[in-house]
1. Here's a check for you: in the range 175-196, which residue that is in a helix (DSSP H, G or I) and among the hydrophobic types (A, V, I, L, M, F, W, C) is nearest to GLY108 (Cα to Cα)?
2. Taking ILE133 as meeting all but one of (1) out of contact with any Ser or Thr (no Cβ under 6 Å at 6 or more places or on another chain); (2) surrounded by 17 or more Cβ atoms within 10 Å (Cβ to Cβ); (3) of a type in the set (A, V, I, L, M, F, W, C); (4) outside any helix (DSSP H, G or I), write down the number of the exception.
3. Quick test of your reading of the structure: ILE355 fulfils all but one of (1) within 24 Å of VAL129 (Cα to Cα); (2) not in a loop (DSSP other than H, G, I, E, B). Name the failing condition by number.
4. Quick check on my filter: what residues within the range 382-440 are within 19 Å of ALA352 (Cβ to Cβ) and part of a loop (DSSP other than H, G, I, E, B)?
5. Of all the residues that make up the range 321-331, how many are part of a helix (DSSP H, G or I), out of contact with any Ser or Thr (no Cβ under 6 Å at 6 or more places or on another chain) and among the hydrophobic types (A, V, I, L, M, F, W, C)?
6. Can you give me the number of residues within the range 245-273 that are within 18 Å of PHE206 (Cα to Cα), free of Cβ contacts under 8 Å to residues at least 60 places away in the same chain and either in a helix (DSSP H, G or I) or acidic (Asp, Glu) (or both)?
7. Out of (1) more than 30 Å from LEU411 (Cβ to Cβ); (2) of a type outside the set (Val, Ile, Thr); (3) touching a helix residue (DSSP H, G or I) at 6+ places or on another chain (Cβ under 7 Å), the odd one out for ALA216 is which?
8. Here is a check on your reading of the model: is ALA130 among the small types (Gly, Ala, Ser), under 29 Å from ASN320 (Cα atoms) and either in contact with a strand residue (DSSP E or B) (Cβ under 8 Å, 6 or more places away or on another chain) or in the same structural domain as PHE205 (by TED's automatic domain parsing) (or both)?
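The values are calculated or read from the model by the stated rules, or taken from the named source; none is laboratory data. Bear in mind the structure is a predicted one, so any value in this text is a computation, not a measurement. Cβ atoms come from the backbone with ideal geometry, glycine included; neighbour counts cover every protein chain shown.
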Amino acid sequence: MLVVGMARSGVAAAGLLCAQGALPVLSDSRPDKAGLDTLIAMGCQARLGEMPETLVDGCDAVVVSPAVPMDAPVVRRAQALHVPVLGELELAARFVRGTQVAVTGTNGKTTTVSLTGEMLRNAGRRAFVAGNIGLALSGVALETREEDVCVIEVSSFQLETVDRFHPHVAALLNLTPDHLNRHGTMEAYGALKSRITERQEARDFFVYNADDPFCAQVASQTRAQAVPFSRLTPQETGAWVENEQILVEGRALCGVDALSLPGPHNLENALAASAMASCLGVPAPVIRHTLRTFAGVEHRMESVRVLDGVRYINDSKGTNPDASIRAVEGMTVPTVLIAGGDEKGTSFDGFARAIRANPNIRSVVLMGKTAGKIGEALERAGYSAYQTAGYDLEKAVRLARQAAERGGAVLLSPACASFDMFSDYEERGKQFKRIVNALA
């Protein structure tokens, strides 16, 4: 076996294989990749740095991390030799016992899987929340029991390499432009997202956003039982809003204003989680209680501290324009926005228009690789109250602090990936919190 890409999911996949008696070869393009000592001590070989495609020769299978593209030479050679190429998700799912629940979409995945997991736990079920959320499924697969539930956050990268992946409950939250630097077109991106329901059967459930035309189209083609959720239109089944009340299967649970998480995007996440929990047999009173008490997730509109009357908010999970548009639209106090990061091939014009449309966004500090591109979009939108901080988050926070108003906020919502300055959005968010908490 060959495992390609030794980040979090690759290390977890290798550990799973070792636990099953296999000793995979570990491969990573970074010659100084650390954290492999335990696996090497177990008998694995490490091939770091140059990654010749001949590594595949003689392998029974190749397991790839999500960051490894399908056009990588080692993957192309495996396919040419008819060597199976598995993603870490596909590998891990084959070892999971119990019920598998999978959530995909451009935005809202992390909040939705976390909220669904909380509903299950509050109902007395043992639930694992894993996948693209930071805990690889391979890391928990062997701990699962038949009565357990795995709630899995699934990215488009992971869906490139699924084959037999078969969730009992799958959810498609939305589709907006993202990752086009890898997938090329929205059509290709959407086709990958639709694979979440590809293996589902009539006994399964497909939860979908009835307000999103793409999601509704996929729902019309699934073999599973289609269960809608809608923020805008009453439905016959599933979860929806009617007269400012959240209804699940026709039963009013609570008012929209009772939700613990603010904003229309979080209302959609709550509806999706409620519909999934209902499919899994969670009682309505438990769903209601969880909607009212759920505290949210790290790096998603996370309040860090209030200093000199200014609230600092960490929305590092805003890794594409649509996610950050939702954050911007929800700001109701004078706000200085910190945005920018790595390029993903998306347009920032809609993001710029959203900034211009909310008078509470008083100024913007841009950073990272896309600072110039976002600045140009802001100019086209007729918004000029921005400055740049280069590749320096600490400088960006300092500039934002200087521009902030008492009673207002500083919001980090980059609208971009993090790889130009950080290893991932989590490191970016943690660095932001460290910088903010060190302010005096």
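1. The first filter runs over the range 175-196 and keeps only residues in a helix (DSSP H, G or I), leaving 180-183, 186-196.
Filter again for among the hydrophobic types (A, V, I, L, M, F, W, C), leaving 180, 186, 188, 191-192, 196.
Values: LEU180: 18, MET186: 18, ALA188: 20, ALA191: 19, LEU192: 17, ILE196: 16 Å.
Restricting to residues being in a helix (DSSP H, G or I) and among the hydrophobic types (A, V, I, L, M, F, W, C), the top hit is ILE196.
2. Among (1) out of contact with any Ser or Thr (no Cβ under 6 Å at 6 or more places or on another chain); (2) surrounded by 17 or more Cβ atoms within 10 Å (Cβ to Cβ); (3) of a type in the set (A, V, I, L, M, F, W, C); (4) outside any helix (DSSP H, G or I), ILE133 violates only (1).
3. If we test ILE355 against (1) within 24 Å of VAL129 (Cα to Cα); (2) not in a loop (DSSP other than H, G, I, E, B), just (1) comes out false.
4. GLY382, TYR383, SER384, ALA385, ALA389, SER413, PRO414, ALA415, CYS416 - these are the residues of the range 382-440 that are within 19 Å of ALA352 (Cβ to Cβ) and part of a loop (DSSP other than H, G, I, E, B).
5. 3
6. The number of residues fulfilling the criteria is 2.
7. (3)
8. Working: among the small types (Gly, Ala, Ser): yes; under 29 Å from ASN320 (Cα atoms): yes; either in contact with a strand residue (DSSP E or B) (Cβ under 8 Å, 6 or more places away or on another chain) or in the same structural domain as PHE205 (by TED's automatic domain parsing) (or both): yes.
Here the answer is yes, as ALA130 does meet what is asked.
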